[in-house]
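Below: the structure, in structure tokens.
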Amino acid sequence: IFPQEEEVAVGESAEILRPYAPRLLIRWLAEQPHLSFRTLDGSMLFVDISGFTKMSERLARHGKVGAEEVTDVLGAVFARLLAVAYGEDGSLLKFGGDALLLWFSGDGHAVRAATAAHSMRATLRSIGRLDTTAGKVVLRMSSGVNSGSFHFFLVGESHRELIVAGPAASRTVLMESTANAGEILVSRDTAATLSAGASAPRRPDRRRRGCCAR
């Protein structure tokens, strides 16, 4: 295969994969398919939505109709939230039921990750009061943001899986798990890169773990 033909083939494959795979993975396979491990600098945003479980349990009593309504609500809410993240040039790494793991790289990645978290929370506040066939449901989100060097692994043979691990990833999870519903918690590394105006006040009881915007 000639270089130009190979470039076209890679471009066509990337276009096919775009709706189904993270941009980071598509770029990885196009540029360095022989590598199974990479360390990349950027910011990670972990978002968890509360309220979906209660809604799902209520709607489950309505059988198939309830299940379809859960799917419709989930799709509509996450489409709106992801549009906000994509507007800040974020990339979806993982989707887990009622949680999103997002990746931001390049210039200003920490600011864009924090901005996305704030805008996603504002969006959810405007669309998260739902009237369902099982009654009213209020959705809220907790978010954790961390910046640094993240370890990515591409594992498997017949099925390739993108995995993120290491201290920076663990710190991202810690930020989200420490945040209460409605809060955005950022690590010290992220806070250090934000301007004084963008950085939110620290909560006294969580001073050692970062700063929090309510």
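Values quoted throughout were computed directly from the atomic coordinates according to the rules given, and no laboratory measurement underlies them. Because the structure is predicted, anything quoted here is derived from the model rather than measured. Here Cβ is always computed from backbone atoms with ideal geometry, including for glycine, and neighbour counts include all displayed protein chains.
Points to keep in mind about this one:
- DSSP beta bridge pairing in segment 76-207, given as percent antiparallel to the nearest 5: 80
- On a per residue basis, the convex hull of the C-alpha atoms belonging to segment 37-120 measures out at 91 Å³.
- Rg over Rh, two decimals, segment 78-175 (C-alpha only, Kirkwood Rh): 1.02
- The distance between label points at Val65 and Ala165 comes to 4.8 nm (points 7 Å beyond Cα on the Cα→Cβ vector).
- Potential extension, Val138-Ala30 segment - 0.36 nm per residue separation minus Cα distance: 34.7 nm
- The separation of segment 60-121 from segment 30-50, counted between C-alpha centres, amounts to 17 Å.
- Partners for Lys136 among lysines (Cα-Cα distance below 28 Å; same-chain residues under 8 apart left out): Lys54, Lys64
- Calculated from backbone phi, Karplus (6.51, -1.76, 1.60) coupling profile of segment 116-128 in Hz, x at Gly/Pro: 4, 4, 5, 5, 5, 5, 5, 5, 5, 5, 8, 10, x
- Ranked by how many other beta carbons lie within 10 Å on average, peptides 136-144, 61-69 from highest: 136-144, 61-69
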